[in-house]
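Notes to accompany the following structure.
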Amino acid sequence: MTDTPIRWFRDGRLARLRLQRPARHNAISAAMWRALPELCREIDADPEVAAVIVEGQGVFSAGADITEFGTVFADADSTAAYNAAVRAGLAAVESLDRPSVALVRGLCVGGGCGLALACDLRFAGDTARFGITPARLGLAYGFADTRRLVATVGPARAKDMLFSGRLIDAAEALAIGLVDRVLPDDAVDSAALDYAKALAERAPLSLRAAKRMIEAIMAGTDSDTAETAALSDAAYRSADFREGQAAFTERRPPRFQGR
């Protein structure tokens, strides 16, 4: 399936969502944006998946495929359809039911950086480079994309990245909070995979509740809602909570089952 530009496969209890256009530095085509929601639905439907790695074959991604711009932005209708596909693709990654980790090597620019920001966490190799470049193209960064950027790095640093369109290195990305770990290029794959595999040992209900509650807080919710209360109540009634207590008492690793 190496000729498939975007796909996912299961690696133990991990889903690996991979961009596979290395000759184009994994530039994301309109077809790839459109494919993302269904791929994410397939991942969410697999009960064996505990966490998701989002990666590129070779580099992470040089961004949206600029060679398509003459077509996808040809008129108002095609522009609206393309922008809707990008929004839906990134929203699908952001809304994955499992924790997601972007594994970033090399370029992570434009739409590629947007894809990494849609993940919960970002692990980067030490030669990775990041940038968001609509100001270089006469475009405007979308609201949802800007929201994710501001939530990750803060308003002033988001303005710097968007105003300048400059590329930043992995060390600066770590300093401003754009990435969560920086490791040598030859160690970042194993570090990201080890981290994601460790999540498979945690209680799925706990991970889901944490993700949804943080999302609600970031969306402006400042008190418990029916949805967040239900997440908490369900965990306390779950078989996994009973298993966690038993494992602690018996001094053994827990064997969580619930989703």
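Worth pointing out:
- Linear extension gain, Ala247 paired with Thr67, 0.36 nm per residue minus alpha-carbon span: 59.3 nm
- Heavy-atom accessible surface of the chain: percent carbon and sulfur, 1.4 Å: 57 percent
- Computed over the alpha-carbon atoms, the stretch 101-166 gives an Rg to Rh ratio of 0.94, Rh here being the Kirkwood radius from the mean inverse distance.
- Note on Asp77 and Asp11: the model spin-label points, each 7 Å out from Cα along the C-beta direction, lie 4.2 nm apart.
- Rounded to the nearest Hz, the phi-derived 3J(HN,Hα) couplings of the stretch 95-106 under the Karplus curve 6.51 cos²θ - 1.76 cosθ + 1.60 (θ = phi - 60°) are 8, 3, 6, 10, x, 10, 10, 7, 9, 10, 10, x, where x marks glycine and proline.
- Share antiparallel - DSSP beta bridges, the stretch 8-80, percent rounded to 5: 35 percent
- Inter-part distance, the stretch 1-56 to the stretch 95-158, computed on C-alpha centroids, equals 17 Å.
- Relative to the Cα centre, the charge distribution of the chain, modelled as +1 at Lys and Arg Cβ and -1 at Asp and Glu Cβ, gives a dipole magnitude of about 220 debye.
- In whole angstrom, the chain maps to an equivalent ellipsoid with semi-axes of 32, 20, 19, each derived as √(5λ) from the alpha carbon gyration tensor and ordered largest first.
- Accessible surface, per residue, of the stretch 186-259 when the full set of protein chains is kept, probe 1.4 Å, Å²: 66 Å²
- With Cα atoms, 0 to 90° folded angle of helix 30-45 axis to the chain main axis: 0 degrees
- Anisotropy class of the stretch 181-259 from Cα gyration tensor, a/c 1.5 cut: oblate
- Here the spin labels are modelled as points 7 Å beyond Cα on the Cα-Cβ line, and at Ala175 and Asp222 they lie 3.4 nm apart.
- Three-way shape label, the stretch 71-205, alpha-carbon gyration tensor, a/c 1.5: oblate
- Between helix 143-153 and the chain: long-axis angle, C-alpha atoms, 0 to 90°, nearest 10: 60 degrees
- The long axis of helix 76-94 is offset from the longest Cα principal axis of the chain by roughly 30 degrees.
- FRET efficiency, 1/(1 + (r/R0)^6) with R0 30 Å, evaluated for Arg87 and Tyr236 via beta carbons: 0.25
- Charge dipole of the chain about the Cα centre (unit charges at C-beta), most positive-ward option of Val179, Leu36, Phe256: Phe256
- Dipole magnitude of the stretch 155-227, debye to nearest 20 (Cβ charges: Lys/Arg +1, Asp/Glu -1, about Cα centre): 180 debye
The values are calculated or read from the model by the stated rules, or taken from the named source; none is laboratory data. In this text, all values refer to a predicted model and were calculated from it rather than measured experimentally. A quick note on method: Cβ atoms are made from the backbone with ideal geometry, for glycine too, and the neighbour counts reach across all protein chains shown. Note: accessible area is taken over every heavy atom of the protein model, side chains too, but ligands, DNA and RNA are not part of it. Shrake-Rupley method; radii C 1.70, N 1.55, O 1.52, S 1.80 Å.
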